[in-house]
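Written out below as structure tokens is the structure these notes cover.
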Amino acid sequence: MRRIPFVVAVAAFLLSALPAGAEQLELGSAASSKPYRTITANPLALAVGVFNVEYEQATSNKLSFYVGPQYYGWSLGDLSLTSVGVNGGLRYFFKGTAPEGFFAGPGIFLGYASGDFGGSTASAVAWSVGGTGGYTWIFDDIFDLSVGLGVSYMHAEAASGGQTAGVSGVVPDLRLALGAAF
């Protein structure tokens with residue numbers, strides 16, 4: 001249970017990093033004539049049992065935040081694990097204007113996990129914290145393609161009757177997101 005306050009502290013840090021004031025995008029300016037919001041999905045994640053949709057919005061020329069629902073589902077024999085929650089984070093754009101260009105930033109996931117193994121069921125809080133870097137292209141001010149690579153520490157385990165099922169440890173984050181920009 002000591003991990004939950006850590007996840008809450010990371011979420012508070014991410015939210016406090018959002019800019020205010022002079023660095024905000026000015027609607028109606030030349031910079032805002034390009035899209036500053038996207039909605040994407042990651043088809044690569046489907047291969048490993050993860051479904052997510054992501055809403056991203058630039059908060060300045062160099063920073064954006066993202067948030068969206070996420071579902072994990074794994075099954076192997078009589079073992080299954082599912083997790084439902086919310087994914088979010090920040091992206092800093094080194095080159096380009098958010099949400100397009102080279103980026104890096106932290107991300108978190110917080111959700112509910114349940115497992116079923118050998119007739120026993122259990123549930124727990126699921127979470128991950130990590131970082132990803134990559135590049136986002138916006139074509140014709142409509143289509144969004146984003147690729148990236150990162151690493152996260154994930155904890156999605158459920159225990160019952162002396163058995164534990166799930167994932168706890170460092171995992172890769174592969175990003176291939178397709179969607180729309182507006």
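The values are calculated or read from the model by the stated rules, or taken from the named source; none is laboratory data. Fair warning: this is a prediction, and the values are worked out from it, not measured in the lab. Here Cβ is always computed from backbone atoms with ideal geometry, including for glycine, and neighbour counts include all displayed protein chains.
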Please go through the range 40-68 and give me each residue that is under 30 Å from Gly118 (Cβ atoms) and of a type outside the set (Val, Ile, Thr), ordered by number.
Ala45, Leu46, Ala47, Gly49, Phe51, Asn52
Any residue in the range 5-15 that is modelled with pLDDT of 55 or more, more than 30 Å from Thr121 (Cβ to Cβ) and more than 17 Å from the chain's Cα centre (by Cα)?
no
Residues that are charged (D, E, K, R), modelled with pLDDT of 95 or more and under 28 Å from Ala58 (Cβ atoms): does the range 96-104 have at least one?
yes
Taking the conditions exactly as written (of a type in the set (S, T, N, Q) and under 18 Å from Gly179 (Cβ atoms)), does Asn87 satisfy them or not?
yes
Answer with yes or no whether Val129 is under 30 Å from Ser160 (Cβ atoms), surrounded by fewer than 17 Cβ atoms within 10 Å (Cβ to Cβ) and at pLDDT 95 or above.
no
When you check Val50 against the structure, is it under 16 Å from the mean Cα position of the chain (by Cα), without any contact (Cβ under 8 Å) to a residue 60 or more places away in the chain and under 19 Å from Ala158 (Cβ atoms), yes or no?
yes
Looking only at the range 133-151, and only at residues there that are farther than 26 Å from Ala113 by Cα and without any contact (Cβ under 8 Å) to a residue 24 or more places away in the chain, the one that is surrounded by the fewest Cβ atoms within 10 Å (Cβ to Cβ):
Asp140
Restricting the range 152-182 to residues that are within 18 Å of Leu44 (Cα to Cα) and at pLDDT below 90, the one surrounded by the fewest Cβ atoms within 10 Å (Cβ to Cβ) turns out to be Leu174
